[in-house]
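The values are calculated or read from the model by the stated rules, or taken from the named source; none is laboratory data. Everything quoted here is computed from the prediction, not taken from an experiment. Positions of Cβ are generated from backbone atoms using ideal geometry, with glycine treated the same way; all protein chains shown enter the neighbour counts. In case anyone asks, the SASA skips ligands and DNA or RNA and just uses the protein heavy atoms, side chains included. Shrake-Rupley method; radii C 1.70, N 1.55, O 1.52, S 1.80 Å.
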Amino acid sequence: MDLQQLEEEARQAALKDIKNMLQRPGQLEKVEQYRHRVARKKASVEALLKTGMQNQLEGVRVGLKQLKACLEDVREVKRSISEVEKLMQGVPELYDALEDVREENTKHSQLATAVENIKHILNVESSVQKTMALIDEDKLLNAHQCLADLENARDDLLYELHKQPKQHASDRITLKTHFEKIDSVAQALEKKLRLILSRTLNTVRKEPKYIVTALRIIEREEKNDQFALQQEKVTSFRPPGRPRQWRAMAMNVLKEAVVTRIEGSRVEEREDNKMWLVKDLEMLRRNILVDLRVVKSLCVPCFPPHYNIFEEYVRMYHEALSNYIENIASGLQGNEYVSLLSWVINTYPGYELMRHPDLNVNIQQLVGPLLPPSRLRTLEDEYLGNMQKNFTEWMANTAEKDRSQWFSEETPDQAEQYYHSPAAVILFEMINQLLQVTETIHSDLTFKALVMSVRQLDIFGQTYLKYVVELKEHHFPKRDQIKFFTHHIIAIVNNSQQILDLAQQLKQKYWPNARTEHYEDFEKLLETFQLIRTQAAGYLLEEAFLDLDGYFNELFKPEWLTSTISVDTICITLEDYFQDYNHLTPCNFEMVINEAQKQLAKRYIRAMLSKRLSRPTSDCEAIKTKITQEAKRLERFFEKIAPNLSLNDSPLKLISMLSGLLVCDLEVLLLDLHTLLGNYPSLTEEQIVRLFYIRNDVKAAEVRQKVQDANQSKKPMVTIDKQDLIFKEIVFNDKLW
């Protein structure tokens, strides 16, 4: 370190500080203050430096003292080691000199052991017989004490042999042979303990002392096992037959007894009683509940606390029951799936068994479910698969039964004047029974069953629809083949509506509001049976209108102007048919009424537009009057057969509305067409031109021009959809231009 350089650096730093302090003239007055401040600071630094030096010197002084003490200790240790080395030089000679002493000591130890156990050595046979007698007399604690004495004598002698540097196998064999009957005594005692433990639940109720005695013996043997293993770590000697592990043996015996108890609960087989599984599961529930009550109230005080005997028994029953249920589950039939699933999911972990107030066991938390979730799902799928097969068969039979009745000479069933077949009730009774049963298991299974039922109903509907179409195609070519065709079609319409109603009830009762998956299946079902309903209703009217085709063909011919036969006949014929239609349920009757009005209006308007009649303007007023009268006649007919139905928006009103165009002034025709086309956008130019064919003073080109002008200037108005649809369905094959 360069002191001159340090001094120079300090001087430069001081000059710099002085320059900073004396930058202004007024600061010269404070020079004394600066000097005193620097002097105080210097004195403080010197004091700190002095203190630090003193502390450093004190530490060096202490360290020197400790080094001196260590040096003395080292010298003392060296001196002691030298003395030990001198003493050790005579040890080999001493070891050789004491050889005879060692031999005598070994003999003395062996003889002392022999003397100590002379009683047992000389009386092995009698001791064995005494112990066996005590076991037979159920004096097990005394018997175990005798056995322990014999074993101790044998083990002590064997240990002395083990300690000898030169061991002779013949000596060891001789000793084991002499004491070999001890093993038979131990086996007899173990057998006796097994017998007692196998009857634990019965014995603990009458004579719990036997259980306590057995457990005391087992705990003593456990301690002996632990001592033998610890001794082996130190001496490498292990007594014969150790460890016995009688505690593990005891738990295995209890477990075997539990398995026997579970498997012995079945008293009937499927061949003997169809309800065998229900009875078996109920017997299991009762037995397990009773047994675990006994364990909790009587066994717990008898068993040592570290056995946790109640929890262990719960685990043993759970495992044995799980294996037993798994074996049963491999061959279930029909509703046996439901009985088993409901028992496993609800009864077993619920308040009827494990959650019973006397037990209060949370089995899910203690050991888990009785069957794995994957196995439960498999059983549920198997059950639903079987039910699906049954539904397929039952529904096919139901559809075939209805089909065969259609071709028979029998009328359909009748309830409150309405025709029907029992198909709908049968189907939904089956489905309701299935869903009620699955509700006893859990809601997810109920939903799966509901979806499966809906799909099966839809398949039934498709088959039913095919049969209905076949019925119609078979009937119409020769209408006298099926005597009660109309009656059965009415029953089909009623059945379809009933299924739709029942399906809605089913959905309301079982379909969770929060679940939207598979809803398309339900909508598809509704669409299928709505299609059957409307198609079958259409067949009813198709049959009726087949009889009326000739009369519609007579409309708007020249002779029609002076005759009312056609419309009168149409009304009479329809009235005759509607006598049968009274067997439709009210909503179906209303649907048929509406469809009949639509068909009647469509055919009448078609006849009006068929270019059969052409008259001068002077005759058009009479034609309009006749058309209006016939439209009123048809409306009165429907008011008569359906007095409770509103006919305000009846399609028949279109007839009078169109007839008004026949007498309108050509000057205001454009205005009338504007209103008409706004209300009925489906009314085509061709249809209007055909209407004006009746009025021969108006040229087609002029009518087309006015229609085009009206279409260009019309504004959207309130469309009467029910009536407007008719114009879409009126199509002609012949062209006007």
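Key figures
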{"read-out": "For the chain: relative contact order, % (alpha-carbon pairs under 8 angstrom, 6 or more apart)", "value": "7 percent"}
{"read-out": "Cα gyration tensor shape for the chain, rounded if a/c is under 1.5, else prolate or oblate", "value": "oblate"}
{"read-out": "Efficiency of FRET from Cβ geometry, ASN397 and THR260, R₀ 45 Å, rounded to 0.05", "value": "0.45"}
{"read-out": "Accessible-area composition of region 377-538, carbon plus sulfur, in percent [1.4 Å probe]", "value": "48 percent"}
{"read-out": "Relative contact order (percent, whole number), region 555-729, Cα cutoff 8 Å, 6+ residue spacing", "value": "28 percent"}
{"read-out": "Student exercise, the chain dipole from Lys, Arg, Asp, Glu Cβ charges, in Debye to nearest 20", "value": "2860 debye"}
{"read-out": "Cα long-axis angle, helix 208-235 against the chain (0 to 90 degrees, to the nearest 10)", "value": "60 degrees"}
{"read-out": "Accessible surface, the chain, averaged per residue in Å² (probe 1.4 Å)", "value": "56 Å²"}
{"read-out": "Heavy atoms of SER408: accessible area, 1.4 Å probe, square angstrom to 10", "value": "30 Å²"}
{"read-out": "Spin-label pair ALA700/HIS518, simplified geometry with 7 Å Cα→Cβ offset, distance in nm", "value": "6.0 nm"}
{"read-out": "Karplus-derived HN-Hα couplings along region 55-60 (A = 6.51, B = -1.76, C = 1.60, θ = phi - 60°), whole Hz, x at Gly and Pro", "value": "4, 5, 5, 5, x, 5"}
{"read-out": "Residues in region 249-273 reached by a label modelled at VAL367 [backbone nitrogen below 14 Å; 7 Å Cα→Cβ]", "value": "252, 254-263"}
{"read-out": "Residue-span extension gain [ASP709 to SER44] - 0.36 nm each, minus C-alpha spacing", "value": "227.7 nm"}
{"read-out": "Amide H contacts under 5 Å for LEU683, placed H, 5+ residues apart", "value": "none"}
{"read-out": "Translational diffusion of region 190-330, µm² s⁻¹ [Kirkwood Rh, Cα pairs; Stokes-Einstein; 25 °C; 0.890 mPa s]", "value": "144 µm²/s"}
{"read-out": "Under the Debye formula (equal points on every Cα, no solvent term), log10 I(q)/I(0) of region 377-538 at q = 0.08, 0.18 Å⁻¹", "value": "-0.26, -1.07"}
{"read-out": "Calculated Rg and Dmax of region 546-642 using C-alpha coordinates, Å", "value": "14.5, 48"}
{"read-out": "Rounded to 10°, Cα long-axis angle of helix 246-263 versus longest principal axis of the chain", "value": "20 degrees"}
{"read-out": "Principal-axis tilt of helix 99-116 within the chain, Cα atoms, nearest 10 degrees", "value": "60 degrees"}
{"read-out": "Note, ³J(HN,Hα) from phi for region 266-282, Karplus 6.51, -1.76, 1.60, rounded to Hz, x at Gly and Pro", "value": "6, 10, 9, 10, 4, 5, 7, 7, 5, 9, 4, 5, 4, 5, 4, 5, 5"}
{"read-out": "Added length on full extension, which subtracts the Cα-Cα distance from 0.36 nm per residue, GLN505 to GLN230", "value": "91.4 nm"}
{"read-out": "Highest average packing first - 224-234, 692-702, 455-465, Cβ atoms within 10 Å", "value": "455-465, 692-702, 224-234"}
{"read-out": "Dipole of region 555-729, positive end: most advanced residue of GLY660, VAL689, GLN597 [Cβ charges, Cα centre]", "value": "VAL689"}
{"read-out": "Spacing of the two label points (7 Å from each Cα toward its C-beta) at GLU268 and LYS86, in nm", "value": "10.3 nm"}
{"read-out": "Cα gyration tensor shape for region 555-729, rounded if a/c is under 1.5, else prolate or oblate", "value": "oblate"}
{"read-out": "Amide H contacts under 5 Å for ARG695, placed H, 5+ residues apart", "value": "ARG615"}
{"read-out": "Subset of LYS466/LYS598; LYS626/LYS699; LYS466/LYS524 violating a 18 Å alpha-carbon distance limit", "value": "LYS466/LYS598; LYS626/LYS699"}
{"read-out": "P(r) tail fraction, region 250-371 - alpha-carbon pairs more than 26 Å apart, %", "value": "19 percent"}
{"read-out": "Approximate spin-label separation VAL668-ASP149, in nm, with each point projected 7 Å along Cα-to-Cβ", "value": "13.9 nm"}
